[in-house]
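See below for the structure under consideration.
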Amino acid sequence: MRRRSVLLAVPAGLVTLAGCGDDKSDKSKASDSSPSPSASGPSAAPAPKIVDGPLPAVTAGAKFGEKPTVAKGSGAPSKDLAVKTLLAGGGKTVAENDYVVANYLGQIWDSAKVFDNSYDRGTALVIQLAQGKIIDGWRYALTGKKAGSRVEMSVPPTWGYGTSGNSQAGIKGTDTLVFVVDVQDTFNAKSSAKGKVVPQDDAALPKVGTNTDGAAPSIEVPKSAAPTKLVANYVIEGDGEEVKETESVLVQYKGVLWDTGKEFDSSYNNGQLVSFGLSQVVKGWAQGLTGKKVGSRVMISIPPALGYGDNPPQGSGIEKDSVLVFSVDILAKM
């Protein structure tokens, strides 16, 4: 059984991978009632037959990354899943269960009513292509595509929101949906930081490995006394946007105890990436990652006051008043 992450400062589970909503007052927050492609529950639908049309034309915004304008559907839509690669990218190939970073626009076939798009929000969606996490139309249409591609799909109710539709978005249970998706990137359990290696010259601080092959980096803890204050240093400095304290992140991580060097938690061992809001984790993580760039690997040394203090998680192997050392790869903001 996969062990639950010990990082969370609250008893709730990890961040749910709901798509971004239309709350323009806070672009960094996800909405549980969003009309985006997040699934409302596991699907029991059979695998669709994938066909290449019909699909409405993109009449404006035809370049990758531009907000598209899509024509109204002509005639009856296919009862199968229609998928077409409008622009072929040359990046990594998307696999099922990957986390994809994508901009998208969704509208209803019959009316061309746009019910959601990420372009206006200015924030790409990061979501897992896993059953129950996202509508099946996306899961089947994007698997096998390459990052950098623009994909158009026509999704019948069976592989969309089902016969119940989505009342908030004005989607009926009989509506076929049209999406245009710009796949920016894709991540899986073998993903690593990507950037410039930063010298680790302070002998009094832990040394973290700089491998980027998807394997867990080494963490060598010195014999000296641990710092009494938070330390958060780049091991690999990425070139992405800086993380804000209000945002959520997708990461790989490994944690060890300063006193013994013993590992107590690792996403690498669990074989699954981890996502969470910085408001959900121990203060040392939140403060250590705030201001760091996406794509980076960060070494964080967390004193007890910003970790678990005298109340560590039961069964975690962490003693009271332990200093924690983490290597964290910031793969994406969510």
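The values are calculated or read from the model by the stated rules, or taken from the named source; none is laboratory data. Just so you know, these numbers come straight off a predicted model, no measurement behind them. A quick note on method: Cβ atoms are made from the backbone with ideal geometry, for glycine too, and the neighbour counts reach across all protein chains shown. SASA here: full protein model, heavy atoms, side chains in, ligands and nucleic acids out. Shrake-Rupley method; radii C 1.70, N 1.55, O 1.52, S 1.80 Å.
For this structure, a couple of remarks:
- Residue match in segment 165-173 (condition: without any contact (Cβ under 8 Å) to a residue 24 or more places away in the chain and not in a loop (DSSP other than H, G, I, E, B)): yes
Conditions (1) out of contact with any strand residue (DSSP E or B) (no Cβ under 8 Å at 6 or more places or on another chain); (2) without any contact (Cβ under 8 Å) to a residue 40 or more places away in the chain; (3) open to solvent by 10 Å² or more (accessible area, probe 1.4 Å); (4) assigned to a loop (DSSP other than H, G, I, E, B), marked per residue:
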residue	(1), (2), (3), (4)
GLN252	no, no, no, no
VAL256	no, no, no, no
GLN272	yes, no, yes, yes
SER279	yes, yes, yes, yes
ILE300	no, no, no, no
ALA305	yes, yes, yes, no
GLY309	yes, yes, yes, yes
GLY317	no, no, yes, yes
PHE326	no, no, no, no
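- Subset of segment 59-90 (residues that are closer than 9 Å to ARG150 by Cβ and without any contact (Cβ under 8 Å) to a residue 40 or more places away in the chain): ALA62, LYS63
- When we screen ALA232, ALA204, ALA193 for residues that are under 19 Å from the mean Cα position of the chain (by Cα) and hydrophobic (A, V, I, L, M, F, W, C), the only hit is ALA193.
- All positions within segment 56-76 that are open to solvent by less than 40 Å² (accessible area, probe 1.4 Å) and assigned to a loop (DSSP other than H, G, I, E, B): PRO56, GLY61, PRO68, ALA71, GLY73
- Among the candidates LYS196, LYS190, LYS113, the residue that is among the basic types (Lys, Arg), farther than 25 Å from LEU87 by Cβ, in contact (Cβ under 8 Å) with a residue 40 or more places away in the chain and surrounded by fewer than 23 Cβ atoms within 10 Å (Cβ to Cβ) is uniquely LYS196.
- Segment 230-250, subset open to solvent by 10 Å² or more (accessible area, probe 1.4 Å) and not charged (D, E, K, R), residue farthest from VAL208 (Cα to Cα): THR246
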